[in-house]
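A short write-up of the structure that comes next.
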Amino acid sequence: MNFNTTLVRVFCLALLIFANQLLAFAQDDSIYRLPEGTRILLKNDVELSSAFASVNDTFTASVAKPVIIRDLVVLPVGTVVQGRVIGVERAAAGGQAGRLDVVFESMHTANAKPVRIEGSIVKKLAPESSAAMNAVSIIGGGVVGGVIGALVRSVSGAAIGAGIGAGAGTGIALLRKGKEVRIREDEEFEIVLKKEAILPVLDY
């Protein structure tokens, strides 16, 4: 092996290393890579509720705001995202609220195969508060009890009646079923990618 051949091989090896570094750098800034932590605003396609959902039920939502990288739209409005229910509890008596846990597992981009993703909802799903309604029940019971006492036409009767009414109101509050957790149809919410996602290269 002469000196020129060795020099050519060294040069080719150095060129290959340089090209690989350029490729890696380009990929880090690629419009086809959605990095971990990317947030995507979605709009739910159909209502999902802890009242009727079951574990492993799937549902779809669509991108409500385009995702833009380097001034290019990489996820247009309407891109379909599929989610799955991984945990659910029905609301129960005693004010026990429902629970609904979901994850997001794939995106269906135009004219391309589904893209696997690992996404979770940013704001934890929570039921509507029922505390105000419980308070109304207790207060309402007290009012009814006061009316009963007034009919007896005595101070002690009014006090007893108020106590009975308040107790009845408290009982009603304890028996009231808690609120279900739901995502309404067309409701918007945000998800975050827990892992980098690679988008398909589209042939325009």
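Collect the residues in the stretch 174-198 that are farther than 22 Å from THR38 by Cα and either among the aromatic types (Phe, Trp, Tyr) or under 16 Å from the mean Cα position of the chain (by Cα) (or both), keeping them in residue-number order.
GLU180, VAL181, ARG182, ARG184, GLU185, listed by residue number.
Might you check whether a residue that is open to solvent by 10 Å² or more (accessible area, probe 1.4 Å), touching a Leu at 6+ places or on another chain (Cβ under 8 Å) and more than 14 Å from VAL181 (Cβ to Cβ) occurs anywhere in the stretch 72-88? The answer is yes, given that some residue of the stretch 72-88 is open to solvent by 10 Å² or more (accessible area, probe 1.4 Å), touching a Leu at 6+ places or on another chain (Cβ under 8 Å) and more than 14 Å from VAL181 (Cβ to Cβ).
Listed here are the residues, each with its yes/no results for (1) among the acidic types (Asp, Glu); (2) out of contact with any Gly (no Cβ under 7 Å at 6 or more places or on another chain); (3) modelled with pLDDT of 95 or more; (4) open to solvent by 50 Å² or more (accessible area, probe 1.4 Å).
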position: GLY163; (1), (2), (3), (4): no, no, no, no
position: ALA166; (1), (2), (3), (4): no, no, no, no
position: LEU175; (1), (2), (3), (4): no, yes, no, yes
position: GLY178; (1), (2), (3), (4): no, no, no, no
position: VAL181; (1), (2), (3), (4): no, no, no, no
position: GLU188; (1), (2), (3), (4): yes, yes, yes, yes
position: PRO200; (1), (2), (3), (4): no, yes, no, no
position: TYR204; (1), (2), (3), (4): no, yes, no, yes
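The values are calculated or read from the model by the stated rules, or taken from the named source; none is laboratory data. Everything quoted here is computed from the prediction, not taken from an experiment. Neighbour counts run over all protein chains shown; Cβ positions are idealised from the backbone, glycine included. For accessibility, only protein heavy atoms count, side chains too; no ligands or nucleic acids. Shrake-Rupley method; radii C 1.70, N 1.55, O 1.52, S 1.80 Å.
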